[in-house]
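The values are calculated or read from the model by the stated rules, or taken from the named source; none is laboratory data. In this text the structure is predicted, and so the values were computed from the model without any measurement. Every residue, glycine as well, gets a Cβ built from its backbone with ideal geometry; the counts of neighbours run over all protein chains shown.
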């Protein structure tokens, strides 16, 4: 008996064992859809030398097909389709004949990789909707690299704009992302949270300071723990956190401050950060853990004292919402998506972007705050706006009718109203495309 449920294919480059929000978010969403059973799901994901996750629902009919990949030239930690991989994606789509294609990584699959949107021609010929998810501000992130800062308006902007005008609709998880994609000229923009938090996995119940010994070897039992977690890349501005910790350790009251750097990424930047650590007043209190996953990640988030996330180009920041769900006070830059759900002094703290003095002051405020009050408000924010069930249901409400009928709505908006006290989405920067 044939299965009448619609088939959705996700084309992605972000997939475990890669760390970072896109990869973990793709896995969480795939598992949610597989468990619901309303649609059949096939994920096309890159092979990885460390072994890519090859299944999402061993007992179900949703599955993963791995394609040949290679390191991405601008950032070799990422995997992207090789030429053979691009052809493999196109062959898979032609054989599967899906009712809907959702591409979660347009830039990485096109720029300096396949230079084509795999499956787009087939979808257009067969009248199948081809959607994309916008999750990274590549244009803004390019500003930290000297060459791209000078040339991005005439190089990156036209290319990114071309990509988002080629798809039938773009999913955006925040007002910031909506504004950026609109500036690129996308035809249809669907506004809804895309990154959910599993509240059974992340929560204050994971707090266990003693457990940190096994996660962060050599961590001193005394002193506050400042956490930075995620991909180590120049655009994340982890250097600002190091400068803020230097200032904290220079004060008698915060001399015992510990810094935990959990993540992996650019080897050259990691070496630079280690050099910065060696020049701090107390270098022995800086710990590089590498990637932290699973239960250890949940315990680390709940058991640290504050998250420092100074990146000025976040389009959502799943790390921030996972930490908020864990009851951990977060300190984020006052630009980008975090300002849309972090209320300064209520459920977290904001600092002036790229200003280490402001970051230091906000870290002090966080460390001196009532953790139960701030953490409790943060947990409520995530429960009300970013619970994985709520996110999954919103995505299904958009995608299932499209897959069943092939018709695209002109608009779709499931973004929760920002809580009182949050800043409105900033206007498009004057140098944006």
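Applying the selection to region 36-48, what residues are under 28 Å from residue 401 (Cα atoms) and assigned to a loop (DSSP other than H, G, I, E, B)?
Within region 36-48, 37, 38, 39 meet the criteria.
Could you say whether any residue in region 161-175 is surrounded by fewer than 18 Cβ atoms within 10 Å (Cβ to Cβ), modelled with pLDDT under 95 and assigned to a loop (DSSP other than H, G, I, E, B)?
No, the conditions are met nowhere in region 161-175.
Kindly indicate which of 124, 165, 206, 116 is farther than 25 Å from residue 311 by Cα and in contact with a strand residue (DSSP E or B) (Cβ under 8 Å, 6 or more places away or on another chain). Full working, then the answer.
Numbers: 165 fails: in contact with a strand residue (DSSP E or B) (Cβ under 8 Å, 6 or more places away or on another chain); 206 fails: in contact with a strand residue (DSSP E or B) (Cβ under 8 Å, 6 or more places away or on another chain); 116 fails: in contact with a strand residue (DSSP E or B) (Cβ under 8 Å, 6 or more places away or on another chain).
Among 124, 165, 206, 116, only 124 is farther than 25 Å from residue 311 by Cα and in contact with a strand residue (DSSP E or B) (Cβ under 8 Å, 6 or more places away or on another chain).
Of all residues in region 118-129, which are touching a helix residue (DSSP H, G or I) at 6+ places or on another chain (Cβ under 7 Å) and either buried (at least 24 other Cβ atoms within 10 Å of the Cβ) or assigned to a helix (DSSP H, G or I) (or both)? Reasoning before the result, please.
Initially, region 118-129 is screened for residues touching a helix residue (DSSP H, G or I) at 6+ places or on another chain (Cβ under 7 Å), giving 118-120, 122, 129.
Answer for region 118-129, where residues must be touching a helix residue (DSSP H, G or I) at 6+ places or on another chain (Cβ under 7 Å) and either buried (at least 24 other Cβ atoms within 10 Å of the Cβ) or assigned to a helix (DSSP H, G or I) (or both): 118, 119, 120, 122.
Yes or no, residue by residue, for (1) under 19 Å from residue 135 (Cβ atoms); (2) in a loop (DSSP other than H, G, I, E, B):
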| residue | (1), (2) |
| --- | --- |
| 34 | no, no |
| 50 | no, yes |
| 66 | no, no |
| 78 | yes, no |
| 88 | no, no |
| 94 | no, no |
| 98 | no, yes |
| 112 | yes, no |
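Scanning region 219-244 for residues that are without any contact (Cβ under 8 Å) to a residue 60 or more places away in the chain and crowded, with 20+ Cβ neighbours inside 10 Å, which turns out nearest to the chain's Cα centre (by Cα)? Before the answer, list the steps.
Going residue by residue through region 219-244, those that are without any contact (Cβ under 8 Å) to a residue 60 or more places away in the chain are 221-222, 232, 239, 242.
Narrowing further to those that are crowded, with 20+ Cβ neighbours inside 10 Å: 232, 242.
Numbers: 232: 13, 242: 22 Å.
Out of the qualifying residues, it is 232.
In region 178-199, how many residues are in contact with a strand residue (DSSP E or B) (Cβ under 8 Å, 6 or more places away or on another chain) and closer than 22 Å to residue 402 by Cα?
The total comes to 12.
For residue 181, work out the one condition from (1) surrounded by fewer than 17 Cβ atoms within 10 Å (Cβ to Cβ); (2) within 23 Å of residue 113 (Cα to Cα) it doesn't fulfil.
(1)
If we keep just the residues of region 45-78 that are at pLDDT 95 or above and under 19 Å from the mean Cα position of the chain (by Cα), which is farthest from residue 102 (Cα to Cα)?
Among them, the one singled out is 46.
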